[in-house]
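*Asks:* Mind looking over this structure? Questions follow.
The values are calculated or read from the model by the stated rules, or taken from the named source; none is laboratory data. Here the structure is a predicted model, which means the values were calculated and not measured. With ideal geometry, Cβ positions are generated from the backbone for all residues, glycine too; neighbour counts draw on all protein chains shown.
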Amino acid sequence: MTFHSPQVTVYESLLYSAWLRLPPEVDSETRRMFIEEVMDLVELNPLRHALVGLPGVNGLSTEQRKRLTIAVELVANPSIIFMDEPTSGLDARAAAIVDENRRTVVCTIHQPSIDIFEAFDELFLMKRGGQEIYVGPLGRHSTHLIKYFEAIEGVSKIKDGYNPATWMLEISSSAQEMALDQHWSYWRNPPYTAVRFLFTTFIALMFGTMFWDLGSKVNSTQDLFNAMGSMYAAVLFLGVQNASSVQPVVAVERTVFYRERAAGMYSALPYAFAQGPDRASVYFLFKLQSMALYSLCDDWI
């Protein structure tokens with residue numbers, strides 16, 4: 001917060017904070033020495049006798065008010081300082097507070113420079129919705145963070161000299177997440193694969209039980225119709241199941257296809273040829289499973 005009494009000076013703001021928040025056993029001379037130290041740290045000495053004023057009207061600028069806010073908290077000698085989104089020009093001073101005073105600073109920050117980012121000891125990275133992405137130490141030159149993300153399959157390597165903070169945000173963006181989801185869409189998508197295997201197994205066992213040994217009992221036209229009907233129902237059920245289970249995956253990939261086709265990356269025909277072998281390999285394995293289960297029902301058709 002950058003709200004301060006507009007009719008007091010910078011020095012008076014710090015003086016009031018020190019007298020009201022420091023322990024009673026701290027004498028007045030120590031309080032004044034502490035105030036001077038803090039003013040030097042946040043570079044407010046040239047403004048010590050300036051009125052705070054009203055925001056946007058007179059007095060201190062927005063950046064100076066933020067420095068004053070930090071100074072007001074520092075004179076209380078806290079062990080932990082919380083900052084909410086310090087802006088450009090204030091980040092370097094926040095890092096200096098950590099280095100020179102050995103205080104713990106906890107702050108929210110968006111796209112910091114490489115120097116400021118590497119001044120932090122630990123990082124708590126979150127995405128929209130509050131989901132945790134990374135929690136832990138950064139390491140020297142962000143080595144721990146980089147090693148963690150580069151170990152994830154599908155994540156591009158960071159370029160030499162690139163800002164780790166910018167790279168971190170790029171690889172954790174929604175577009176990158178969609179690309180990874182597409183990469184893991186088939187065998188690496190447990191719900192998709194499990195539904196297909198379980199449904200195929202259930203249908204095979206159900207039809208095998210219903211039409212057990214039907215092939216050896218074709219004694220009339222009705223028996224032949226029953227056998228033909230069982231084959232029709234099996235093909236129908238498995239076809240509907242395949243279509244319903246693959247639809248969510250195709251819906252995601254279709255959005256990516258529309259965007260990439262609009263960008264001129266390829267046309268519809270190469271995309272269809274590229275997807276064909278992938279789909280065929282998956283369908284072939286499921287059909288092998290169906291045939292193996294149906295064959296357990298010896299000569300049922």
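*Asks:* Can we say I158 is in contact with a helix residue (DSSP H, G or I) (Cβ under 9 Å, 6 or more places away or on another chain) and farther than 19 Å from E85 by Cα?
*Replies:* Criteria met by I158.
*Asks:* Only one residue in R48, R21 is of a type outside the set (S, T, Y), in contact with a strand residue (DSSP E or B) (Cβ under 8 Å, 6 or more places away or on another chain) and within 23 Å of R103 (Cβ to Cβ). Which one?
*Replies:* R48
*Asks:* Here's another thing I want to ask about it. Residue under question is L138, and the condition is that it be free of Cβ contacts under 8 Å to residues at least 40 places away in the same chain and at negative phi; does it hold?
*Replies:* Answer is yes for this residue.
*Asks:* State which residue pairs qualify: first residue touching a residue at least 40 places away in the same chain (Cβ under 8 Å) and inside segment 219-231, second residue of a type outside the set (F, W, Y) and not in a helix (DSSP H, G or I) in any location, beta carbons under 9 Å apart, and separation of 6 or more residues or different chains.
*Replies:* Pairs that qualify, where the first residue is touching a residue at least 40 places away in the same chain (Cβ under 8 Å) and the partner is of a type outside the set (F, W, Y) and not in a helix (DSSP H, G or I), are A227/V218; A227/I301; S230/I301; M231/I301.
Results for (1) outside any helix (DSSP H, G or I); (2) modelled with pLDDT of 85 or more, shown as yes or no for each residue.
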position	(1), (2)
P86	yes, no
R93	no, no
D99	no, no
H110	yes, no
V135	yes, yes
S142	no, yes
S156	yes, no
G161	yes, no
W167	no, no
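Residue-by-condition table, conditions (1) at pLDDT 70 or above; (2) surrounded by 11 or more Cβ atoms within 10 Å (Cβ to Cβ); (3) part of a helix (DSSP H, G or I):
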{"site": "D223", "(1), (2), (3)": "yes, yes, yes"}
{"site": "N226", "(1), (2), (3)": "yes, yes, yes"}
{"site": "E260", "(1), (2), (3)": "no, yes, yes"}
{"site": "L269", "(1), (2), (3)": "yes, no, yes"}
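*Asks:* Moving on to the next point. Suppose we filter H49, H4 for residues that are in a loop (DSSP other than H, G, I, E, B), under 30 Å from F117 (Cβ atoms) and over 35 Å from the mean Cα position of the chain (by Cα); which single one remains?
*Replies:* Going through H49, H4 in turn, the sole match is H4.
*Asks:* So how many residues does segment 4-17 have that are without any contact (Cβ under 8 Å) to a residue 60 or more places away in the chain and farther than 16 Å from V42 by Cα?
*Replies:* 5
*Asks:* Continuing with the same structure: Go through (1) out of contact with any Lys or Arg (no Cβ under 7 Å at 6 or more places or on another chain); (2) surrounded by 16 or more Cβ atoms within 10 Å (Cβ to Cβ); (3) closer than 13 Å to T69 by Cα; (4) not aromatic (F, W, Y) and name the single condition M39 misses.
*Replies:* (1)
*Asks:* Can you find even one residue in segment 66-78 that is over 42 Å from the mean Cα position of the chain (by Cα), farther than 16 Å from S13 by Cα, modelled with pLDDT of 80 or more and not charged (D, E, K, R)?
*Replies:* no
*Asks:* With the structure loaded, tell me whether E63 is surrounded by fewer than 15 Cβ atoms within 10 Å (Cβ to Cβ), at pLDDT below 85 and assigned to a helix (DSSP H, G or I) or whether it fails that test.
*Replies:* For E63, the condition - surrounded by fewer than 15 Cβ atoms within 10 Å (Cβ to Cβ), at pLDDT below 85 and assigned to a helix (DSSP H, G or I) - is met.
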